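The values are calculated or read from the model by the stated rules, or taken from the named source; none is laboratory data. These numbers come from a predicted model, not from an experiment. Every residue, glycine as well, gets a Cβ built from its backbone with ideal geometry; the counts of neighbours run over all protein chains shown. In case anyone asks, the SASA skips ligands and DNA or RNA and just uses the protein heavy atoms, side chains included. Shrake-Rupley method; radii C 1.70, N 1.55, O 1.52, S 1.80 Å.
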Amino acid sequence: MTGPARTTARDRGQQPPVIFSRRPADPAPRLLRHALSRVRGHFLRSVAWAALRQSAFLAMPWLLGRAVDAGVRTGSPGGALLYGGAFLAAACVEYAGMRGWQLWATLADNRAGTWLRTRLLKAILAVDTDTLQRRTGTFGDLTTRATRDVDTVLVWIHGLTTWVVIGLTALVLVPAIGGLDPLLLLVAAATVPVLLVVNRVFPPVFGRRAEHLAAAHGARSSAADELLSALLPLRGVGADHVLVERHHRHSSEVTRSTLRLASVGSVWEAVAFSVPLLAVTAGLLAGGLAVADGRITVGALTTFVLWMGTVSLAVNALIGRLGDFAEARVAADRIARVLELPAPPRPYAELPGRGVLRVDGLTVRRPDRATAGPLTLTAAPGEWVALTGPTGSGKSTLLRAVAQLVPASGTAAYGDVRLDTLDPEQLYALVGFVPEGPLLLHGTVTENLLLPGDRPPAEVAAAAHTAGLDLALAQLPDGLDTEVGERGGALSGGQRQLVALARALLRDCPVLLLDDVTSALDAATEAEVLDRLRAATADRIVLFATHAPAVRARADREITLAAPGARETPLPELGTGNSPPPQPGTGDTPPPEPGTGNTPPRKPGTGKSAPISTPAREQEPLHG
């Protein structure tokens, strides 16, 4: 994530620091700077309020010392009251400054959190799951990156204003304590080299252990996600203890990593906290002698003691901010690994209003898995193409490849525009993909339907009717207001499929990719839903991965994939004349010409004859 014109330590012949990351190019600092730049205005306002607050806070010990001297040394009640009133006024200013500081700092970290989480979401949606897993090591801990890691960065942003407070404290107190007595300044200055050594030794160790803790949290998050999603199926075969034990192992590692981090942090903080206290003790001895010698007054000694307390607070804040920075670098590095994945933004392309979907030689190859494809087809608006084949032949994988959710060779284009060149937002508006196992979020059916965005109630009702939700939810009194439960667990498998189908219909995508979305429905409901869906998609391209005879009976064409391990040679491009010729007497006609949008006529009744089993080859339209 570093720009081409940026001069690095390596460019200058220096060794780059590797305290918190072993990666040769560490994008964490740049991400932290970008996050801060997004909230520059809020941050500067918090700095102004913090400076006002600290100025008043530092003035209060001086005013109190003057009040003591006025009342004790000179015996002037009026002077004591005057300084006492000024002390109260400073306290009021200090309170107002603290309010403003915390207000703007909180607004800054909230805004930065929204920006970071939005970028994470866009990055995740812009890459396929294979790339996400390969480049980040896992995709199960994305929740940890979007929650714990982002929150860690926000803690750092919130505490940045404290550095201004620390700087202002040093700028004011060094000359102020020196003005009281040079010996007192010497006592205070003696703490500096000790603190420098402490803060040189502990941060690298703290950073490494923070990195281990972040990785442990990510692994446990992945284990918890697996536990929640697979507990009931595994419990049914008596294997739930496997996931429970795995979660316990990762939780134990989190505990160990937390204790190891806490052991370093506690020693670091304790040592750094003790040094100013020792300085205060030494200052009291030196100040007492100075009072006895008449070099300073009792009020000045009071001021010094209070100021040393402020120094102690500043040191504690310094240690806290250094710890925050160490953890924030680790968290930002984990976030940046996801943000680096998407390709640079692509310009929006001009898409045809009614384009033809062309898939040419689409093939998915994965290590240790059977190759899926090659798939070649052409589909015009209004057509249903059924993708069939044995279990494991790659139907679902190829649908995901068309949707650009897995890396693949070959091409998929809409009109003359390749789908892999589209901006992600434009791609999602064009292609709607419904997986066989849909994910529902906790809430009502309506809330799940509106996840892609708000829609008028009439559109929601129409999509729900087309998807057959009125049939599936007929026995539930709340209808579309029914709570779906955690991950949709309160609904049956068929009901979850229909919710996902209705959600896709609401997006009104020109291309629909449906992965066996009626597999959990009974025959009567499936037939009714398919008839409604067929009527509602008269102007859309529908590619349907399925085993269901009811779907195949309503499809215009059918493509049969070969069984795993029985792949044939890659198919020739459409239109080369190498496709099987129509058989005489069958009534078969060639597929529609690309771009014409003409769907072959269908004969009422069953719709077509039995399909020809040509692996991964587009078959002729079947009319019975």
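Could you tell me which numbered condition S266 fails, if it satisfies all but one of (1) among the small types (G, A, S); (2) farther than 29 Å from A28 by Cα; (3) surrounded by fewer than 19 Cβ atoms within 10 Å (Cβ to Cβ)?
So S266 meets the others, but not (2).
Is it the case, given these coordinates, that R99 is within 30 Å of P424 (Cα to Cα) and charged (D, E, K, R)? Spell out how you get there, then give the answer.
Numbers: within 30 Å of P424 (Cα to Cα): no; charged (D, E, K, R): yes.
So R99 fails the test.
If you check L491 against the conditions, is it in contact (Cβ under 8 Å) with a residue 24 or more places away in the chain and either in a helix (DSSP H, G or I) or open to solvent by 60 Å² or more (accessible area, probe 1.4 Å) (or both)? Talk me through it step by step, then tell me what you get.
Details: in contact (Cβ under 8 Å) with a residue 24 or more places away in the chain: yes; either in a helix (DSSP H, G or I) or open to solvent by 60 Å² or more (accessible area, probe 1.4 Å) (or both): no.
So L491 does not fit the description; no.
Enumerate the pairs (first residue in segment 358-378 and in contact (Cβ under 8 Å) with a residue 40 or more places away in the chain; second residue anywhere and assigned to a strand (DSSP E or B) and open to solvent by 60 Å² or more (accessible area, probe 1.4 Å)) with beta-carbon separation below 7 Å, excluding pairs fewer than 6 apart on the same chain, so at least 6 apart or on different chains.
T378/R358
Just for segment 494-515: of the residues that are charged (D, E, K, R) and assigned to a helix (DSSP H, G or I), which one is surrounded by the fewest Cβ atoms within 10 Å (Cβ to Cβ)?
In the first step, residues of segment 494-515 are kept if they are charged (D, E, K, R); the result is 496, 503, 507-508, 515.
Then keep just the ones that are assigned to a helix (DSSP H, G or I); that gives 496, 503, 507.
Numbers: R496: 24, R503: 23, R507: 17.
Selected residue: R507.
Counting only residues that are touching a strand residue (DSSP E or B) at 6+ places or on another chain (Cβ under 8 Å), among the charged types (D, E, K, R) and modelled with pLDDT of 85 or more, which one in segment 516-545 is most open to solvent (accessible area, probe 1.4 Å)?
Among them, the one singled out is R534.
Filtering segment 173-197 down to residues that are buried (at least 20 other Cβ atoms within 10 Å of the Cβ) and part of a helix (DSSP H, G or I), which residue is modelled with the highest pLDDT? Steps first, answer last, please.
First, pick out the residues of segment 173-197 that are buried (at least 20 other Cβ atoms within 10 Å of the Cβ): 173, 177, 180-181, 184, 187-188, 191.
When the remaining residues are screened for being part of a helix (DSSP H, G or I), the result is 173, 177, 180, 184, 187-188, 191.
Numbers: L173: 82, I177: 77, L180: 76, L184: 75, V187: 75, A188: 71, T191: 72.
Among those that are buried (at least 20 other Cβ atoms within 10 Å of the Cβ) and part of a helix (DSSP H, G or I), it is L173.
Give the residue that is nearest to T482 (Cα to Cα), with candidates limited to residues of segment 442-461 that are in a loop (DSSP other than H, G, I, E, B) and open to solvent by 30 Å² or more (accessible area, probe 1.4 Å). Break it down into steps so the answer makes sense when it comes.
Applying the first criterion (in a loop (DSSP other than H, G, I, E, B)) to segment 442-461 yields 442-443, 450-456.
Imposing the further condition that a residue be open to solvent by 30 Å² or more (accessible area, probe 1.4 Å) reduces the set to 442, 450-452, 454-456.
Values: H442: 11, L450: 14, L451: 16, P452: 19, D454: 18, R455: 18, P456: 19 Å.
Checked segment 442-461; the qualifying residue nearest to T482 (Cα to Cα) is H442.
Where residues in segment 39-96 are of a type in the set (S, T, N, Q) and under 45 Å from the mean Cα position of the chain (by Cα), which of them is farthest from A108 (Cα to Cα)? Steps first, answer last, please.
Within segment 39-96, the first condition is being of a type in the set (S, T, N, Q), and the residues that meet it are 46, 54-55, 74, 76.
Within this subset, residues satisfying the condition of being under 45 Å from the mean Cα position of the chain (by Cα) are 46, 54-55.
Values: S46: 9, Q54: 20, S55: 22 Å.
The residue in question is S55.
Out of F304, F273, report the one residue that is under 27 Å from V197 (Cα atoms), at pLDDT below 75 and within 51 Å of the chain's Cα centre (by Cα).
Values: F304 fails: at pLDDT below 75.
Result of the check over F304, F273: F273.
Among (1) open to solvent by 50 Å² or more (accessible area, probe 1.4 Å); (2) assigned to a helix (DSSP H, G or I); (3) of a type outside the set (S, T, Y); (4) out of contact with any Lys or Arg (no Cβ under 8 Å at 6 or more places or on another chain), which single condition is Q404 missing?
Every listed condition holds for Q404 apart from (2).
Pull up segment 27-50, narrow it to residues that are of a type in the set (G, A, S) and surrounded by 17 or more Cβ atoms within 10 Å (Cβ to Cβ), then point me to the one that is modelled with the lowest pLDDT. Show your work before the answer.
Initially, segment 27-50 is screened for residues of a type in the set (G, A, S), giving 28, 35, 37, 41, 46, 48, 50.
Right, trim to surrounded by 17 or more Cβ atoms within 10 Å (Cβ to Cβ) and you get 28, 35, 46, 50.
Working: A28: 82, A35: 89, S46: 93, A50: 93.
That would be A28.
Only one of these conditions is not met by R358: (1) within 30 Å of A123 (Cα to Cα); (2) surrounded by fewer than 16 Cβ atoms within 10 Å (Cβ to Cβ). Which number is it?
Single failed check for R358: (2).
Under 6 Å between Cβ atoms, which residue pairs at least 6 apart in sequence (or on different chains) link something in segment 206-232 that is more than 20 Å from V264 (Cβ to Cβ) and open to solvent by less than 30 Å² (accessible area, probe 1.4 Å) with a partner that is acidic (D, E) and at pLDDT below 75?
Within 6 Å, the pairs are G218/D141; S221/D141; S222/D141.
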